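Working notes, structure below.
The values are calculated or read from the model by the stated rules, or taken from the named source; none is laboratory data. Owing to the predicted nature of the structure, the values given are computational and were not obtained by experimental measurement. Here Cβ is always computed from backbone atoms with ideal geometry, including for glycine, and neighbour counts include all displayed protein chains. For accessibility, only protein heavy atoms count, side chains too; no ligands or nucleic acids. Shrake-Rupley method; radii C 1.70, N 1.55, O 1.52, S 1.80 Å.
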Amino acid sequence: MTEPNGDVKQSKNPWDITSKERAIFSIIVMTGAFMAILDTTVVDVIVPKLTGPLSTDMYGVQWIITSYMVAAAIALLITEYLIKRFGSKAIFLAGIALFTTASFFCGVSSTLEEIILFRIIQGFGEALIMVTSHVMIFSYFPPEKKGLAMGIYGLGVSFAPALGPTIGGYLTEYYNWRMVFFINVPIGLLLVIAGIVYLPKDRLFEKLKFNFVSFLLLALATVSLLIMLSRGQQMGWFNSSFIGLLLFVCLIAFLLYALSEIWSKHRLIDFTLFKNPTFANGMMIYFFILGFSMYQYFYLLPVYYEHIKMLPTLDAGIAVFAFAVFIGFFSPIAGMLADKIGAKRTVLIASLFYVITSITFLPSLNYYTPMTQAMLLTIPFGIGMGLFFAPVTVMVLQNAPSDKSELAIVLMDYFRFVGGSFGTALATNNMEYFKNLHFLRMEALQNITYLQNYLKSIEESLGITADQVKAIFMNYETFMSYNYGFYNTFMHAGYWGILGSIFVLLLFVKLKPSKDTK
């Protein structure tokens with residue numbers, strides 16, 4: 001039935017569907033989300049191997065990641081408008097088509113400039129997929145099963161990043177780095193066809209006013225911020241005039257954006273949502289725990305296995321898979337638990353489990369930790385990660401007006417994305433800082449006379465030159481300082497989880513009488 005203004009009127013709730021339809025819709029949507037977010041960590045594994053094929057250095061190939069992050073962040077800001085203007089199904093399929101096409105051209109790229117261009121398109125498609133899939137799968141389940149819906153969705157969001165190194169390592173080791181991109185093509189084509197045939201049509205909203213000025217200013221601020229974070233360590237942070245310029249542009253753009261929102265009749269973001277303390281605290285939990293803290297571990301654990309345990313890429317991926325399985329297994333369980341005892345209580349349980357395991361188990365990982373023990377120590381942490389996503393998402397969406405659900409999801413993904421970018425940059429900085437700190441401490445504790453005699457004995461016994469002995473010992477010192485530096489880096493990642501848990505506790509602080517929501 002069509003109304004005079006052209007909108008399609010729904011005769012029933014979107015969750016009034018059969019169990020078979022719900023299963024089909026959820027599989028299509030979840031597969032799209034899984035494919036999109038999996039690609040982020042799959043590509044992370046192959047980037048160091050692209051310096052030769054693309055005739056560049058590590059600084060050059062890192063733009064393959066940076067360009068993707070920047071494009072996705074910008075696309076998130078316009079996704080709510082696109083959904084309300086064209087509908088979730090259309091934007092979801094457009095995102096899949098963009099992502100798939102860009103994946104193919106990334107795979108056939110022969111220069112750095114080509115692959116960066118198509119990674120930008122791929123990042124834009126990823127943002128469209130993530131927000132629309134989030135909106136769609138939430139709409140397929142009745143109110144009393146929203147936790148289960150987010151638990152199922154959490155299989156993709158939480159499980160995929162941890163599974164990425166395994167798949168990336170396998171494809172790179174047994175096939176070719178281009179397969180990391182080509183594998184998305186048949187999956188994407190099948191998803192487009194299945195989506196056109198099976199996914200239900202959703203109603204179209206009236207034409208909306210879009211604040212392009214605010215969008216451009218916030219996009220400029222976000223781009224400046226993310227490039228600054230991704231390049232800060234490489235360029236010496238504020239010893240670099242370029243980094244200083246990026247910071248200046250970021251601050252000015254954010255200020256102008258704020259003024260634009262104040263003066264505009266049609267705001268890009270409705271900040272009245274943050275008047276709800278549960279919603280505001282939920283966003284901070286997203287930023288500090290699901291973004292700032294968790295993304296550090298997603299980044300650090302593969303590095304630990306590859307650079308400290310000296311595992312090949314595939315074996316490192318298999319080691320990461322040990323805890324990834326538990327993320328996927330406990331995500332639906334957390335969703336069902338949120339439906340039974342309430343989202344807030346489930347978030348509290350998840351935060352306690354996450355903080356305790358991240359602070360207690362992960363910092364003990366080092367070169368001397370047996371491989372089996374290292375994998376076992378990450379399993380409780382995987383459980384903690386799996387418990388988080390579904391209840392936090394349900395809690396945030398339950399505290400946002402129904403007509404603002406798309407904006408709430410955009411904000412969640414934006415906060416998580418920017419928080420993850422902060423976290424990854426900080427983890428890199430911490431690793432370098434603590435590695436250098438431990439190196440200096442080891443040198444300060446050395447007995448120079450004993451060391452000279454020891455190196456002399458090695459020189460004589462191995463029949464090599466003094467310079468070669470010194471080089472070997474220097475490499476050993478560097479490796480061990482890197483090894484010991486992981487303890488501090490893991491601990492600091494956990495500290496951000498503790499900070500995020502403060503906002504979990506604030507969920508139970510009653511500022512004024514209000515209706516309690518699950």
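With the structure loaded, tell me whether PHE321 is modelled with pLDDT of 90 or more, within 24 Å of the chain's Cα centre (by Cα), among the aromatic types (Phe, Trp, Tyr) and open to solvent by 40 Å² or more (accessible area, probe 1.4 Å) or whether it fails that test.
no
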Filter segment 344-393 for residues that are within 14 Å of SER293 (Cβ to Cβ), over 19 Å from the mean Cα position of the chain (by Cα) and open to solvent by less than 50 Å² (accessible area, probe 1.4 Å) and give the result. THR357, ILE359, LEU362, PRO363
Sort out which residues of segment 77-90 are assigned to a helix (DSSP H, G or I) and surrounded by fewer than 24 Cβ atoms within 10 Å (Cβ to Cβ), and write them in order of number. LEU77, ILE78, TYR81, LEU82, LYS84, ARG85, PHE86, LYS89, ALA90
Search segment 447-476 for residues being part of a helix (DSSP H, G or I) and small (Gly, Ala, Ser), and hand back the single one that is most open to solvent (accessible area, probe 1.4 Å). SER461
Quick one: is SER293 within 27 Å of PHE490 (Cβ to Cβ) and either touching a strand residue (DSSP E or B) at 6+ places or on another chain (Cβ under 6 Å) or part of a helix (DSSP H, G or I) (or both)? yes
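Here is a yes/no grid of residues against (1) modelled with pLDDT under 80; (2) among the polar types (S, T, N, Q); (3) open to solvent by less than 10 Å² (accessible area, probe 1.4 Å):
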| residue | (1), (2), (3) |
| --- | --- |
| ILE121 | no, no, no |
| GLY125 | no, no, yes |
| VAL131 | no, no, yes |
| HIS134 | no, no, yes |
| PHE138 | yes, no, no |
| LYS146 | yes, no, no |
| ALA149 | yes, no, yes |
| PHE159 | yes, no, no |
| LEU163 | yes, no, no |
Filtered residues of segment 206-228 (kept if surrounded by 13 or more Cβ atoms within 10 Å (Cβ to Cβ) and either of a type outside the set (A, V, I, L, M, F, W, C) or modelled with pLDDT under 75 (or both)): ASN211, SER214, THR222, SER224
Please specify each residue of segment 230-254 satisfying the condition of being open to solvent by less than 40 Å² (accessible area, probe 1.4 Å) and modelled with pLDDT under 75. SER230, ARG231, GLY232, GLY236
Specify the residue that is farthest from the chain's Cα centre (by Cα); the eligible residues are those in segment 255-270 that are outside any helix (DSSP H, G or I) and exposed (fewer than 13 other Cβ atoms within 10 Å of the Cβ). LYS265
Any chance segment 35-57 includes a residue that's of a type in the set (Gly, Ala, Ser), part of a helix (DSSP H, G or I) and either modelled with pLDDT under 70 or surrounded by fewer than 20 Cβ atoms within 10 Å (Cβ to Cβ) (or both)? no
Selection from segment 173-198 of residues that are assigned to a helix (DSSP H, G or I) and of a type in the set (D, E, K, R): GLU173
State which residue is modelled with the lowest pLDDT when the search covers only segment 354-410 and only residues that are out of contact with any Ser or Thr (no Cβ under 8 Å at 6 or more places or on another chain) and of a type in the set (D, E, K, R). ASP403
Would you point out which residue out of LEU440, LEU407 is surrounded by 12 or more Cβ atoms within 10 Å (Cβ to Cβ) and in a helix (DSSP H, G or I)? LEU407
Of the criteria (1) more than 30 Å from ILE341 (Cβ to Cβ); (2) without any contact (Cβ under 8 Å) to a residue 40 or more places away in the chain, which one LYS510 fails: (1)
Quick check: is even one residue across segment 188-205 of a type in the set (Lys, Arg) and surrounded by fewer than 15 Cβ atoms within 10 Å (Cβ to Cβ)? yes
What tally of residues in segment 279-307 results from selecting those that are over 19 Å from the mean Cα position of the chain (by Cα), surrounded by 19 or more Cβ atoms within 10 Å (Cβ to Cβ) and farther than 19 Å from GLU173 by Cβ? 2
